[in-house]
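One structure is given below, encoded as structure tokens.
Values in this text are rule-based calculations from the coordinates and carry no lab data. Predicted model, so just to flag it, every value in this text is computed and none were measured. Virtual Cβ from ideal backbone geometry, glycine too; neighbours counted across all protein chains shown.
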Amino acid sequence: MKLASSKAKRVMGCLVAGVLSQIACLPALATLGEDVATVENDRVQMKAQVRTTSVAGFTVHVIQNSVGTNVREYVAASGKVFGVAWDGPLLPNLKQMLGKYFDDYNSGASSPHVGRRHLTVQRADLVVHSSGRMRAFYGNAYVPSLLPPNFSVDDIK
Amino acid sequence: MRANLLAALIGILCVAGCGGNGTLGGGSGGGGGTPTGSNVQAITIDSGPAVIANSTSPAVNTAYTTVTVCSPGSTTNCQTVDHIQVDTGSSGLRILASVLTITLPLQTDTSGNVIAECTQFVDGSSWGPIRQADVKIGGETASKQEVQVIGDAAYPTVPPTCLGTPAVTLEDTVTAFGANGILGVGPFIQDCGAGCTVQGGAVYFTCPPSSTTCADSGMPLTLQVANPVASFATDNNGVIIQLPSVGATGSAAVAGYMIFGIGTQSNNGLGSATVIALDSVHGVFTTKYKLGTLSSSFIDSGSNAYYFPDGTINVCGSNGATTHAPGFFCPTATQSLSATLTSTVGSGSASVNFSVANADSLFSGNTIVAALSNLAADSTQVGSGSDSGFNGNTSFDWGLPFFYGRSVYTAIETRNTSGGVGPYFAF
């Protein structure tokens, strides 16, 4: 992934002053595959604080929920949420975060798979990697068809 | 004869302090003398309870033990349950309701509400109330423990937030769970800790008296499900899991031991084991593997394979190939690999050699192999600490194969041991 041309962007009327900024107003957040401008469901559900990072071609909303789990939502320039990621002591509410993709995720989780501490769901329009145990979960989910052209999921450590 | 001689030589060399080197683990760990004492409990790795062993997917690399639960204070209202999975990746005892034949009293909070739990696993949730029991393992007893009873008919209503986190999939039967229960003997005392003391995590719930509708609730540490070892009268600072070596083609069954306490008896000394101190929040350490540093690594008897990211090893079933082992690694030839485990909060560091065989070949024979020392799976691209992207190869999960041929020590947080204060793993 190339981050060289990082630029601050305007998100829902909130001016982001740097690559990593605390912001005074709350951007709208949304569910995977939905428009960022819809609702701030996640923030309300998680009673969370939000931090926004803008890099070339996409914006990241970083939310920490009340139990200390970090959720990151990746929003393309089009306004669509193309990916979500999480890490923390407990799993976030994936039903709400994955939205219309949750059923896909769930049928993947119900299919035969390796172990109970690692789960990969690989479908045409949804990829989920989830690992860990109570006190240390981490994972991500994304919609391949919504990925921005300059975003490589393999490149980032 | 020749092999024995070589083993003896390695033993002599090891006196000089090469304890942490995984290649020699068999010399100092499992396969030695038979430990005896009130702090010793047998472990078996077999195909699981009958319903699983006789199914099309018998258990693989699942360590089981036997636990006795009694109604608190009773010596008659007791039940001994076999095929309880031994898990260093969690804390506390959970039993499937379908195998329980005795009734244990419900645990209530200070307001008289029944406590229930939605235990989170990556692939599903286990729902059920917390009940009280005296837990007896080997010759040790943990009195009045909070024990989760999964799939309990008295509390059939699964809260919606439990169904949504992490999945609709409920692991509330022996078949779905893979065991008659699970005994969490991990490095933490409580199963959840601080994250569950506040409301909102959808793990702990309270159910008003005479209602089976339960609400998300914060739970004080004292009422959370906890590692029973920490409540033993003695030998309560940790546990050793000791398993014999397993050959390249696996074994139908393996017998080993769980020994309670570290440095508390003549049979549980740390010896020359390397201590890998764990961070006190997540219980993790760093693994350096090939060119990458995997900073959220852990040792987990509850994982049935080594799990690590490596895009260079072929995954079974990739490119549409027929497979018996989807998701596991299927290298064309067995890979001999090594990695270095290093504490992020202490000085401990040890290098470990391990093998990854073709999982399809391992599973394709006609004989049942419950124990496989060279089974591994891809955990590519899970996790991230970065704002700039959502992938990060941050974890090496040293699952049950790591335990074969070793003594693996799990020291409980805040407890003093002969190797320092927990939490740590040592081997």
Per-residue mean of other chain beta-carbon atoms within 10 angstrom of the beta-carbon, peptide A:66-76? 4
For region B:71-87, Karplus-derived ³J(HN,Hα) couplings (6.51, -1.76, 1.60; θ = phi - 60°; whole Hz; x for glycine and proline) come out as 4, x, x, 8, 10, 10, 8, 10, 9, 9, 10, 8, 6, 8, 5, 8, 9
Value of D in µm² per second that Stokes-Einstein yields for chain B, Kirkwood Rh from Cα pairs, at 20 °C (1.002 mPa s): 97
Which aspartates and glutamates, on any chain, are close to residue A:80 with Cα under 12 Å apart, when same-chain ones fewer than 8 places away are left out? A:34, A:35
Once all Cα-Cα distances of region B:189-314 are split into 5 Å bins that start at 0, what whole-number percent is in each one? 2, 7, 11, 14, 16, 16, 13, 10, 7, 3, 1, 0
Using the C-alpha gyration tensor of region B:22-146, what are the square roots of 5 times its eigenvalues, in whole angstrom, with the largest one first? 29, 20, 15
Could you tell me whether region A:64-157 comes out rounded, prolate or oblate from its Cα gyration tensor? Rule is a ≥ b ≥ c as square roots of the eigenvalues, rounded for a/c under 1.5, then prolate if a/b exceeds b/c, otherwise oblate. oblate
Count charges around residue B:378 for me, please; just the other residues with Cβ under 12 Å from its Cβ, Lys/Arg as +1, Asp/Glu as -1. -2
Residue by residue through region B:399-410, what is 3J(HN,Hα) from phi via Karplus (6.51 cos²θ - 1.76 cosθ + 1.60, θ = phi - 60°)? Round to whole Hz and write x for glycine and proline. x, 4, x, 4, 7, 5, x, 9, 9, 10, 9, 10
The simple spin-label model distance between residue B:154 and residue B:272, using points 7 Å out along Cα→Cβ, in nm, is 5.3
With everything on Cα atoms, drop me the angle between helix B:2-14 and the longest principal axis of chain B, reported from 0 to 90° to the nearest 10. 70
Taking every residue of B:111-123, the Cβ atoms of other protein chains inside 10 Å of its Cβ average out to 4
Can you spot the aspartates and glutamates whose alpha carbon is less than 20 Å from residue B:136's alpha carbon? Ignore those fewer than 8 places along the same chain. B:82, B:87, B:146, B:191, B:235
Coil-residue chymotrypsin sites (Phe, Trp or Tyr not before Pro) of region B:302-333, DSSP, other Cβ within 10 Å capped at 12: none
Near residue B:288, which aspartates and glutamates are there with a Cα under 20 Å away, not counting those fewer than 8 places off in the same chain? A:154, A:155, B:279, B:300, B:310, B:378, B:397
